[in-house]
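Following: one structure in structure tokens, then a few remarks.
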Amino acid sequence: MLVCGSGTGMAITANKVAGVRAAVAWSEETARLARQHNDANVLAIGARTTPPDQIPTIVRAWFSSNFEGGRHAERVAKIEGGGGE
């Protein structure tokens, strides 16, 4: 889990590391979708852009979600350089 002002700078930097799929989440829904649809394995949160009382909910949603695979797997494979059409 990464935290910076907006979360974006940390996510961009983290995504330079092989195997990292960092996503910025600003709500419970965006956290859940990052895991379910993009197989995100690093969560980035903006300290200045996320209300402090919402952070625990966002973190719980992220950790309790799993990658759905299926139609999303091809996109993740492309992100990782694994091909796909």
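Where a number appears in this text, it was derived from the coordinates with a stated rule and is not lab data. Keep in mind it's a predicted model, so treat the numbers as computed, not measured. Cβ sites come from the backbone with ideal geometry, for glycine too, and all protein chains shown count toward neighbours.
Remarks
- Relative exposure of 2, 33, judged by other C-beta atoms within 10 Å (fewest first): 2, 33
- Tilt relative to the chain, helix 28-38 - C-alpha long axis, 0 to 90 degrees, to 10: 20 degrees
- As a proxy for reagent exposure, ranking 78, 16 by other Cβ atoms within 10 Å from fewest up yields 16, 78.
- Gained length - residue 55 relative to residue 79, 0.36 nm times residue gap less alpha-carbon distance: 5.9 nm
- Here the chain is treated with +1 on each Lys and Arg Cβ and -1 on each Asp and Glu Cβ, and its dipole about the Cα centre works out to around 160 debye.
- Sorted ascending by nearby beta carbons within 10 Å, beginning with the fewest, 57, 50 become 57, 50.
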